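So the structure is just underneath, and the comments pick up after that.
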Amino acid sequence: MARWKNGPGTLHGAQLGIPLEIAASYRARARGLLGRDGIEGALLLTPASGVHTFRMRFAIDVAYLSRDFTVLAVRTMRPGRLGRPRLRARHVLEAEAGAMARWGLRPGLRLDVEPAG
């Protein structure tokens, strides 16, 4: 996909049909999960190569994805942390802590993102 747009979608990978929210604009990426108490599914930040959890209310799992949506690394971050940017990462996937382990996301797994509509 050449140009991403903000909105809902579905993430396919180790588990089928994970609800996804796509944040493609600068404003949507900057807001991310700030001010929320949780998320149903995951948030895809694109383009992005790193994240922080300053002012967040809960711990999150972060998956760094390559241009073709291959998982490069998965980390759990507590609130108030600055994650190291990944040089090869083009997208970042965020979810509540523990969700990615339940979904079976691990380095090397290739994901598929399906925007709604």
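List of remarks:
- Selection of first residues in segment 3-29 that are under 13 Å from ALA42 (Cα atoms) and of second residues that are hydroxyl-bearing (Ser, Thr, Tyr), restricted to Cβ pairs under 6 Å at least 6 apart or on distinct chains, gives the following pairs, ordered by first then second residue: GLY17/THR10; LEU20/THR10.
- Qualifying residue in segment 16-24 (condition: assigned to a loop (DSSP other than H, G, I, E, B) and modelled with pLDDT under 95): yes
- Across segment 14-66, the number of residues qualifying as among the basic types (Lys, Arg) and either closer than 17 Å to ALA99 by Cα or touching a strand residue (DSSP E or B) at 6+ places or on another chain (Cβ under 7 Å) (or both) comes to 3.
- Residues that are under 9 Å from THR10 (Cβ atoms) and either crowded, with 16+ Cβ neighbours inside 10 Å or touching a Phe, Trp or Tyr at 6+ places or on another chain (Cβ under 9 Å) (or both), drawn from segment 101-114: ASP112, VAL113
- Sole residue being surrounded by 13 or more Cβ atoms within 10 Å (Cβ to Cβ), in contact with an Asp or Glu (Cβ under 8 Å, 6 or more places away or on another chain), closer than 22 Å to PRO115 by Cβ and among the small types (Gly, Ala, Ser), chosen from ALA95, ALA48, ALA59: ALA95
- Among the residues of segment 55-72, not a single one is assigned to a loop (DSSP other than H, G, I, E, B) and in contact with a Phe, Trp or Tyr (Cβ under 8 Å, 6 or more places away or on another chain).
- Test: SER66 is small (Gly, Ala, Ser), touching a residue at least 12 places away in the same chain (Cβ under 8 Å) and more than 16 Å from MET77 (Cβ to Cβ): yes
- Selection status of GLY117, part of a loop (DSSP other than H, G, I, E, B) and open to solvent by less than 80 Å² (accessible area, probe 1.4 Å): no
The values are calculated or read from the model by the stated rules, or taken from the named source; none is laboratory data. Only a predicted model underlies this, so the values are computations on that prediction, with no experimental measurement involved. When we count neighbours, we look across all protein chains shown, and the Cβ atoms used for this are built from the backbone with ideal geometry, even at glycine. Remember, those area values only see protein heavy atoms, side chains included, never the ligands or the DNA or RNA. Shrake-Rupley method; radii C 1.70, N 1.55, O 1.52, S 1.80 Å.
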